[in-house]
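Computed from the coordinates by the stated procedures, all read-outs in this text should not be read as laboratory data. Being a predicted model, the structure only gives us computed values, none of them experimental. We place every Cβ from the backbone using ideal geometry, glycine too, and count neighbours over all the protein chains shown.
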Amino acid sequence: MSKIKVSIAGASGYVGGEALRILLSHPKVEVVQATSERNTGKYVYFVHPNLRKKTKLKFSSVNDLEKVDVLFLALPHGLSSKKIDYFKKKADYIIDKGSDFRLKDPKDYIKYYKHKHPKPELLKDFTYGIPELHREKIKKAKYVAAAGCNATATILGLYPLYKKDLVEKNRTVVEVKAGSSQGGAKASIASHHPERRDCLRSYAPTGHRHCAEVLQELDFEKVYFSATSVNLVRGILATSHCFLKDNIKKKDIWKTYREIYGEEPFIRIVKEMIGIYRYPEPKILQGTNYCDVGFELDRQSNRIVVISALDNLMKGAAGQAVQCMNLMLGYEETTGLEFPGLHPV
């Protein structure tokens, strides 16, 4: 059986590079092009040295895209929607790893991104790309908007509680701790080594853009969301505080998580009584497409503290996008994504 042809627009960034790493080893895929305007004509491994001897592909311009089966968009916010008519002519299937088509209500782009959406009529054509929530829709979709990394960690942690209507929908507090690669490959004062090293920096105490995705997907009335930069390159740890509606037994909450996630290939329910890894830990998820989820109860306040962790470049971005591609094309969902992680790292 011939391989499908795939290209990546915006392949010089961290997410685009991670997509390249996965797709170059995917047994069903031939990578045709990888675009970068700044690096056009250079070998891909010049920017992504981990791909030495893996490919001799050179970067091309986004304006020179050939027709392929699947096009991944790993572009800065705002660029996908501006060129979407062009991209639709270049591929039968599009998976956008940016934020341009994640939100269904055009007003949310004004509220959270401070601009009007240039193509609001196309928002309905994109399926929100978290397979654990929308697997059947993704299987039928031609266009998918992969979810944001902070949103993915938060949503996957809380989804079973929402699904079973176990928590109050107006009192959820989320604190996300995120590695530096979340900021992208473009250098800034925030990523400058003397400023970034050893930091524990609150960069969005309120008003984080990914709130919109959490509210949209979980149908919460309110979510109080804060984000903090920590001294990691890869990784997200979301700690979510919710309040249970009833005095539910802990074993019944575990049963709920097993019921919702028991057959999910990339959700690992962490339920250990002892040891340093008894709660989800981003360190052991580097390079994997897993999201680890666990929780603890505070009976005095009837509060449940949900802890979820993932690699922001994988399950939070490129890995989840490939997972969506597998579903869209009828492949085994885990194809190309089987790496279990390393320990120790």
Item to check | Amide proton proximity set for residue 104, modelled H, under 5 Å, gap of 5+ | outcome: none
Item to check | Cβ-placed point charges (K, R +1; D, E -1), dipole of the chain about Cα centre in debye, nearest 20 | outcome: 620
Checklist entry - So for the chain, taking the charge dipole from beta-carbon charges (+1 Lys/Arg, -1 Asp/Glu), which of 323, 174, 224 sits furthest toward the positive end? => result 323
Checklist entry - From the phi of every residue in segment 330-345, what ³J(HN,Hα) in whole Hz does the Karplus formula 6.51 cos²θ - 1.76 cosθ + 1.60 yield, where θ is phi - 60° and glycine or proline is x? => result x, 8, 4, 4, 8, 4, x, 10, 7, 3, x, x, 10, 8, x, 10
Item to check | For segment 53-58, Karplus couplings with θ = phi - 60° (6.51, -1.76, 1.60), whole Hz, Gly/Pro x | outcome: 6, 8, 7, 10, 5, 10
Checklist entry - What residues qualify as long-range amide H neighbours of residue 68, i.e. H under 5 Å apart, gap of 5 or more or another chain, H built at 1.01 Å from N? => result 91, 92
Checklist entry - From the backbone phi of segment 152-161, what are the Karplus-calculated ³J(HN,Hα) couplings (6.51 cos²θ - 1.76 cosθ + 1.60, θ = phi - 60°) in whole Hz, Gly and Pro given as x? => result 4, 4, 5, 4, 5, x, 9, 3, x, 5
Next on the checklist: Taking every DSSP beta bridge with both residues inside segment 260-345, roughly what % is antiparallel (nearest 5)?
Outcome noted: 75
Checklist entry - Spin-label point model (7 Å from Cα, Cβ direction): what's the residue 246 to residue 50 distance in nm? => result 4.6
Next on the checklist: Under the 0.36 nm per residue contour assumption, what length would be gained going from the current alpha-carbon distance of residue 133 and residue 206 to full extension?
Outcome noted: 23.7 nm
Checklist entry - How much length is gained on full extension from residue 231 to residue 142, taking 0.36 nm per residue of separation minus their Cα-Cα distance? => result 28.2 nm
Checklist entry - Which of the peptides 212-220, 135-143 is most tightly packed, and how do the rest follow, judged by the mean count of other Cβ atoms within 10 Å per residue? => result 212-220, 135-143
Checklist outcome for this item: Going through 42/82; 83/119; 28/54 one by one, the pairs whose alpha carbons sit over 18 Å apart turn out to be 42/82
Checklist outcome for this item: Bridge orientation stat for the chain from DSSP, antiparallel percent rounded to 5, came to 45
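Rank-order 148-154, 259-265, 204-210, 49-55 by packing density, defined as the average count of other C-beta atoms within 10 Å over each peptide's residues, highest first.
148-154, 204-210, 259-265, 49-55
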Checklist outcome for this item: Between the alpha carbon centres of segment 173-195 and segment 303-330 the gap in Å comes to 20
Item to check | Quotient of Cα Rg and 2.2 N^0.38 Å for segment 72-224, N being how many residues it contains | outcome: 1.11
Checklist entry - Using 1/(1 + (r/R0)^6) with R0 = 45 angstrom and r between the beta carbons of residue 42 and residue 299, what's the FRET efficiency to the nearest 0.05? => result 0.15
Checklist outcome for this item: Amide H neighbours of residue 227 at under 5 Å, excluding residues fewer than 5 places away on the same chain, with H built from the backbone geometry, are 176, 203, 204
Checklist outcome for this item: Long-range alpha-carbon pairs in segment 150-271, meaning those over 17 Å apart, account in percent for 60
Item to check | Label-point separation in nm, residue 332 to residue 189, each point 7 Å along Cα→Cβ | outcome: 5.1
Item to check | Over the chain: helical MRE at 222 nm, DSSP H runs n ≥ 4 each giving -39500 (n - 2.57), nearest 500 | outcome: -7000 deg cm²/dmol
Checklist entry - Gain in length, residue 345 to residue 163, computed as 0.36 nm per residue apart minus the alpha-carbon separation, to one decimal in nm? => result 62.0 nm
